Each structure stands twice: as C-alpha cells, then as structure tokens.
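Structure record follows, encoded as structure tokens.
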Amino acid sequence: MDHTGASHHGRENLFTPLQYLKGVGSQRAELFAKLGLNTVADVLFHFPRGYQDLSQARLISELKDGQATTVQGVIEEWELRQSASGKSVLGLLIRQDENYLRALWFNNPHLQARFVRGQTVLLSGEPRFNGGRWEMKQPRFQAIDSAEPDLKDRILPIYPLTKGLQQHHVATAVKHALAKYMSAIDEVFPEELLDRWTLWPIHAALPQLHNPQDQESLEAARYRFVFQELLVLQLALALRKQQEEAEVVASAMPACQKIDARIRRLFPFTLGESQNQVIQEISADMASTRPMHRLLQGDVGAGKTVVAMYAMLLAAAHGQQAALMAPTEVLARQHFAFFQKTLANARVRLAFLSGALSTAERKTLKSELASGAIDLLIGTQAMLQDAADFAALGLVVIDEQQKFGVEQRAVLKNRKCSPHYLVMTATPIPRSLALTFFGDLDISTLRESPAQRAAVHTYVGEPSQTAKWWEFFRKKLNAGRQGFVVAPHVNEGDEEKMLSVEQLFESLTNGELADFRVDLIHGRQTSAEKHAAMDDFRAGRTQVLVATSLIEVGMDISNAALMTIFGAEHFGLAQLHQLRGRVGRGRHTGYVCVFAESNAPAAMQRLQDFAHTSDGFELAELDLKLRGPGDLLGQRQHGMPPLKIADLTRDVAIAARARAAAGELTEEDPQLSLPEHAKLRRMVMARYGRVLNLGGVG
C-alpha cells in the first residue's frame, strides 16, 4: 500500500526515521529494517497477517477434549529432550490461576529461544486430557504484552516478524505511530467516492485495522484497504491501456471470406468450436486500427498454437509481418517445427531467431526482416536484445506470457510499427487473478481440447510401489512408447536432500533403465546440447528423456506416453498439470506416476487432488487457494509489486467491484486530471508508474 498523499509538512513527519519513534530506538530500528520498515509511514502501513480473537479464548477449566481453542497463560518452565525414536521434544508449561496446560512441539527445538519465564502467551490448538493434565501438540504460539489492559475480549493483531523482533515490539511501535502521526496522513478519496463505494475514511479505518474493537469494525477497515489496493492497480492498468490506445494506431487486417478460406485450407484438420469462437474474437480485434491487447488462455493441449498461427497468417495475408516469442529455445523450436510442417505448401517465408545464432546469421536475419523478406519470425527473447527492425510488424504473439516481465513484453509493442498484441498461456488463470492482473487485456478462453488427444491416467506412487511402476514403464517402452522422468533440480548441490536429474540419470542408466536409450536435458546445458537431446528424442533415437521442468511447455511428441515425476511436492499443481500435458498427445494412452520425497499430509493431499483432477481450470483455482498467486504468476514473472493486504483467494468479489469502480472513474475522468483525483493519481503513479511505463499520466 503506498502512503503518498499527505501534505508537505505531514509527509516530512511520516518519513521520520523509525529509530526516533518512541519505543523503537536505533538497535530495534535495525531489526525493523530487515522487514523493509524504515520510516513511521512504513510501520503505519505494516498490516497484520492475521488476528487472534481473545473473545474466543477459554479457561483451562472449561476445555473440551479435541475442541480447537485458544488458551492464555503465563510461562512457568520448559524443557527440551530426545524421544526414543531420536526426535527432539520441546515441552512448555503455562499456568492460568491454579490450572496448568502443557504444550509439546516435535523437531522444533529453535522455538525455545522465544520463551521467557513469566511472559504471557497464547496457545491455539486442540487440547487433549492426558495423564491427568491438559496437553496441546504443535499449537500456534504467540507472546503478548501482559501490560496491555483488558486483554480478555480483545482482537489482537499478528504481524509478520523477523528474528529478534516480537509481536509486542511491533504493536508498541504501531501504537505510538498512530498516536503521534495519524493526523499527517491525507485521505486520497474524495468524500463523494467514499460514499459511492461505502468506504470508511482512512482516519477511521487505519486504527481499526491495527487494533479492532470488534469483528465488524475489522471487516470494514480491511475492506477499505483491500478495495484501495485493488482499485489503484485497476486504475494503473486502465491508464496503461488508454495510453497505448491513444499513442498508437495499428494496421487494420480484416479476415474476409476469401482470406479465411485460404488460411483454413492450410490446416490438415478441422478446427473445434471453441477455436472458431476465439478466432472470431481475434479477427474482430485485428480488423480495427485500435491495437489488439488480448490474452488467450486454455488448458494443456487446447489448440492455442493453431489459433496463434491463424492470427499470424492473417497478418501475412495483409502484407504485414508477425513475430511469435517463446520463453525457452526448446519451446520456440517446437513452434518453428510445427509451423514448418503445417505451412510446407504455403507461400509464407518463415525464420527462426535465438541467442544461438552466429553473428553472421543474425546480421543476415536482421537484414531480411528490415527488407520484408521474412513474413513470420519465431524465436526466443533474443528478439528483445537488439530491437530488430521489422519492415512492417503487424502482430506480436507471446507464448507462456507469465514467463515474461511486464517491461519485457512491452519492448516489442513500443516499436514504430504499432502491432496488434496477443499473449497466450497454458496455465489457466483463476477469475480473481484475471480480474486483478490482466485489466489491460481482453480475455479469450479455449475450453475444449482437440478430439485427437488420448486419455491420460495419473497415479500417486507409494515408495513400496516403485519397482512395480518401473516394471510397467519398461513394458511400455518395449512396446515402442517413449517416456519422461522429471526431477525438480539439476544437480545435488541445488537443494539439500533433493533428488536431482543428474543423480536420476546416473542411477536409471545403471539400474531400472539400463537396457534402454536414455538422454538428459536441463537448463544449464548449452543450446546445442539441448537441441541435440530434443532432436534425438523426437526422432525416436532415445526412448527416455530425464529432465527438469524445462520440458513443461513445448514438448509435442505424439509417441510419448509415460512420465515419472520425483519430488512432485516441490512443483505447483499448475506446473504438474503442464508436465502431465507432455504425454498422451497422440493416439497412445498416457500414464503419469508422481512420487513425493515427503509424506506430509498436506503435500500428499495436494498430489491426490492432482491425480483425480484433469481440468486445468479447477487445478488453477485449487493452486491459488493452496499456494497463493505466486505459483501462477510469480512476482518476478508478472513484474508487478506484490499485494500487501488483498488476498485473491478470498477477495474475488472486492476485485470485481474495484475493477468496475476503476472503469467508472476513468470514464468520468480519463487521465485522473481533476483536482479531486490528484492524490489518487499520485498514488497510482508512485506504485505502478515505472513498472507499467505510465509516462503520459500525471
């Protein structure tokens, strides 16, 4: 949450270094700095990550066996010992009047550093009556300030911490900051907008967010800041789209009946209903001089590449060039091979660009692009490195868009040619993410998969079943099929105790797959090594490819029917689904078996969910709930600052309202140039101006 918008005098106060805030000092200020908190403003907008509702706390004398609750008490003593099985057991005894409760943690000896005799603490968990006393195993632990009056019915904030910093340190700093500096914060919303969207003013909301008097006040305060955070993002995306549309004019490329028929004749198959619908949407965009900004999403194998090819051929039919950029050379080469095969009889000039080209090859390619001798260019982000001069770039297609940062994606668009812009993803995007992060794009969705795809069966393997699985794997290889074996890391040093592809390759070629032709592919190999491994596998010269997640996109081998994934719990559900999409792409049934290195219940449940769900859209929603948006977007990949308070697993409805509000606001005041919107505009620019290149706003 950006906190610009205060008066000049107020801003000076808000940016007072934290060491001068009462109750902090220079030593503790260094600990706050580890959390990125350096000023009074930083602490005021350091939002709790959760809350402890003490109105729900029980007396020890009132506990019920197995009923989850919270207990408040004073630390009496603790001990650390070893169990018979060698595990460490940390025991803590707390007292509440004349009653006692014992807490136990297994293999967590470091927790004892947080214990202080006589300190008031909260323990949350399931109590059990054992051996004449109450116990809680693995409870949540929180120290609280016993000097606080009236703790009984309070809702206590739980802040993100760092080593050496405790909850009461942060709570005290926030309390003093609110008392002294609250008046320095300006309200960014005009009163009329607060009323229209039913928002609490900031001076009412901020204290209640840090120190809520009841659940109702907490919800209203949280709603204010979630709405503000999502609205600021939506306004930034709306301004970006507006700016792009105002600055550039694209070439109109209508798909008349003659051009449409000519393109469709090149495909050796009939397009599906969903593909035809999306092609209509793209064609309508490309018929306009307003540049297309469209996101094409679809499940694994839904036929996105064919749709992209249609759009690129439409550009070529109008004498325009089209470029398709992929995040890896493996994927780019896969696309190039598919285009070469499909367009073998077409009068379209294709070229490939990657970082592996020699200086002379690159020079020739640039010259041909500039002269218009090349119609369709396919390649990696090497396209971005030397800003190749296209003669007439009419369309840019970016595959697996989540692998590129916002700024990277903008480079090809900001050329003099003003192309249309289509981004694709095979990771279906949950509605809340689409509403939040893709407000500058129109969205098309491919819902059905081509009829020619085979079924894929997925299993969660137990360690005891490993030999049986390899027996089945070998049987299928002997029947002529090919397979993949996947591990999370390249070599042993990457992650402690984690199986690597190099270890796997060595053990399999000397063990279970000693009688077969096995090869290795991973991201640290040279371009030539990866290219050779792919060519050999595609041609059937090798039967098994041992790989990292490098193969999650771009591997379209119709004979590949087998996949074994080790350390499967280290992959997100969306990534596992992408990997699974590499098999069963032809007429042969696919078989995938995932093995976990951990038997943690949550990890195993996630793998069972993966095995029982073949719908990528369902898995994407589940991934969002389990792991948050990072696995689907990744802050580094989508290039946006992380959200500080909005939670996209629970705030879908607020995201929709914020998007509607941003639309209303920019319709009334397209540039946010009215005086009453000046503070809001300043906040948008401070947070997103650089990353979204909003040079023309403000």
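None of the figures in this text is laboratory data; all of them are computed from the coordinates on show. Note that the structure is a prediction, hence the values are computed from the model and not measured. As a convention, Cβ positions derive from the backbone with ideal geometry for all residues, glycine included, and neighbour counts pool all protein chains shown.
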>> Under the 0.36 nm per residue contour assumption, what length would be gained going from the current alpha-carbon distance of residue 257 and residue 22 to full extension?
In response: 77.2 nm
>> What is the angle, in °, between the Cα long axis of helix 601-612 and the longest principal axis of the Cα atoms in the chain? Nearest 10 is fine, range 0 to 90.
In response: 30
> residue 485's amide H: which non-local residues (gap 5+, or another chain) put their own amide H closer than 5 Å, with H modeled 1.01 Å from N in plane and none for Pro or chain starts?
Replying inline: 545, 546, 547, 564
> According to a simple spin-label model (label point 7 Å from Cα along Cα-to-Cβ), what is the distance in nm between residue 625 and residue 68?
Replying inline: 1.4
> Which Cα, out of 533, 505, 523, lies furthest along the positive dipole direction of the stretch 456-631 (beta carbon charges, K/R +1, D/E -1)?
Replying inline: 533
> Can you list the residues, at least 5 places off or on another chain, whose amide H is less than 5 Å from the amide H of residue 349, using H built in the peptide plane?
Replying inline: 375, 376
> For the charge dipole of the stretch 53-156, defined by +1 on Lys and Arg C-beta atoms and -1 on Asp and Glu C-beta atoms about the Cα centroid, which residue among 124, 111, 70 has the Cα displaced farthest towards the positive pole?
Replying inline: 111
> Could you state the number of Å between the C-alpha centres of the stretch 182-225 and the stretch 535-607?
Replying inline: 48
>> Counting pairwise Cα distances across the stretch 456-631, what percent come out greater than 23 angstrom?
In response: 36
>> Quick check on the chain: what does the Kirkwood estimate of hydrodynamic radius come out to from the alpha carbon pairs, in Å?
In response: 28.9
> Non-local amide H neighbours of residue 542 (under 5 Å, H modeled in plane, Pro and chain starts lacking H): which ones?
Replying inline: 537
> Using +1 on the beta carbon of Lys and Arg, -1 on that of Asp and Glu, and nothing else charged, what's the dipole of the chain about the Cα centre, debye to 20?
Replying inline: 1380
>> For a quick check of your reading of the filter: which trypsin sites (Lys or Arg not before Pro) in the stretch 175-280 sit in a DSSP loop and have no more than 14 other Cβ atoms within 10 Å?
In response: 265
> Which listed residue (685, 313, 268) has the Cα farthest towards the positive end of the charge dipole for the chain, taking +1 on Lys and Arg C-beta and -1 on Asp and Glu C-beta about the Cα centre?
Replying inline: 268
>> Explain nothing, just the number: dipole magnitude of the stretch 53-156 about its Cα centre with +1 on each Lys and Arg Cβ and -1 on each Asp and Glu Cβ, in debye rounded to the nearest 20.
In response: 460
>> Residues of the stretch 220-237 with backbone nitrogen within less than 17 Å of a virtual label 7 Å along the Cα-to-Cβ line of residue 194, please, listed as ranges.
In response: 220-229
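Structure shown: which of 241/341; 258/341; 34/137; 644/679; 476/625 lie over 25 Å apart, alpha-carbon to alpha-carbon?
Values: 241/341 37 Å; 258/341 23 Å; 34/137 31 Å; 644/679 20 Å; 476/625 37 Å.
Violating the 25 Å limit, Cα to Cα: 241/341; 34/137; 476/625.
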>> Can you give me the C-alpha center-to-center distance between the stretch 347-390 and the stretch 651-678, rounded to a whole angstrom?
In response: 41
>> Relative contact order of the chain, please, whole-number percent, based on alpha carbon pairs below 8 angstrom and at least 6 residues apart.
In response: 14
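Please report, in debye to the nearest 20, how large the charge dipole of the stretch 456-631 is about its Cα centre when each Lys and Arg carries +1 at its beta carbon and each Asp and Glu carries -1 there.
So the dipole magnitude of the stretch 456-631 works out to roughly 720 debye.
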> If you take the beta carbon distance between residue 183 and residue 517 as r and set R0 to 60 Å, what does 1/(1 + (r/R0)^6) give as a FRET efficiency, to the nearest 0.05?
Replying inline: 0.20
>> Rounded, prolate or oblate, given the Cα gyration tensor of the stretch 73-215, with a/c below 1.5 counting as rounded?
In response: prolate
> Where does helix 25-34 land angle-wise versus the long Cα axis of the chain, in degrees 0 to 90, nearest 10?
Replying inline: 30
>> I'd like the orientation of helix 616-627 relative to the chain: the angle between its Cα long axis and the longest Cα principal axis, in ° from 0 to 90, rounded to 10.
In response: 30
>> Suppose R0 equals 41 Å. What FRET efficiency, 1/(1 + (r/R0)^6) with r the Cβ-Cβ distance, do residue 618 and residue 35 give to the nearest 0.05?
In response: 0.70
